[in-house]
Every structure is written in structure tokens, then in C-alpha cells.
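Scroll down for the structure; my scribbles are underneath it.
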Amino acid sequence: MKATLALTLLLSYLTAFLVTGDAPDIGKVTTACLNENGVSAQDFADLKSGATKPEDVKDNVKCATQCMLVKLGFMDAQGNVLTDSIKSKFASSPMASAVNTALATCGGVKGANPCDTAFQIMACLQKNSQAIASMMHS
């Protein structure tokens, strides 16, 4: 099975959910977090192609993931998922049940530090993406 780029998943996953209109521009958030953490286009390409396995991902990539989740209001700086904030953003959305499923499935995942926690959550979402996506269509 090909390794999937966690940050690409983050973008596609959050883009699907960020339909409320009051969320910060995800492109600006992504660019800022990649620049702040020194993540290059090659880092992206290596993960996407499978040249870098998820277990070999550098800390700066994990911290870029955490940066995005923090700036989007889905996680605090200590690596805690902001469940109530996420649920309230999507309470009236047709995707509320999928968001709740994603939180129930992956929201409690913990890593070695806040950056690793963010990355492990995204890996969990990727692993369970089909089940979560099916909730979006039911």
C-alpha cells in the first residue's frame, strides 16, 4: 500500500469540511505553516510517492501538520484536539455526523509530542478515511 502524504490528506480532508466560510484561507495557512517549519516541495513529493515512509517522517513535517491544525482552530498548541470547537463549527452542517465519527475514531490519538500527535491523528484519518467518507454520504 502506498504511503499517503499526511499533509495532502489534511488539505483534502479539511477542505471538505471547511465550508462554513468563516475559516481562514487554507492556502495561506498551509503556505505559512510549511514556511515556518522548513517543509519543502521535495518533502511533500517524497511522502506522496512513498519514498519517505510515515514512520520516517521528519519532525518539521509533523510540526507543519500541527501548525495547520492549530491555525485552523482544530488543536491547541499543547496538542489537544479542540473537540467542542470542531463540533460547533459543523453542528449545522450536513457533514456533522462524519465530523463526529472522525473525532470519535481519531480525536483521542496521542503521539510523543504535540507535533507527533497532529501527525498521528492525520495518519488515523487517512487509515479510516473510507469509513469516515461513507458517513458523509449517508
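What follows is calculated from the coordinates using simple rules that are stated; it is not laboratory data. The structure presented is a predicted model; accordingly, all values stated were derived computationally and were not measured. Cβ placement follows ideal geometry from the backbone for every residue including glycine, while neighbour counts extend to all protein chains displayed.
Considering only Cα-Cα distances, which of the following residue pairs are longer than 23 Å: Lys53/Lys110; Lys87/Lys110; Lys53/Lys87; Lys53/Lys127; Lys58/Lys87; Lys53/Lys89?
Lys53/Lys87; Lys58/Lys87; Lys53/Lys89
Determine, for each peptide in 115-121, 74-80, the mean count of other beta carbons within 10 angstrom over its residues, then list the peptides with the highest first.
Per-residue Cβ counts within 10 Å, averaged per peptide and sorted highest first, yield 115-121, 74-80.
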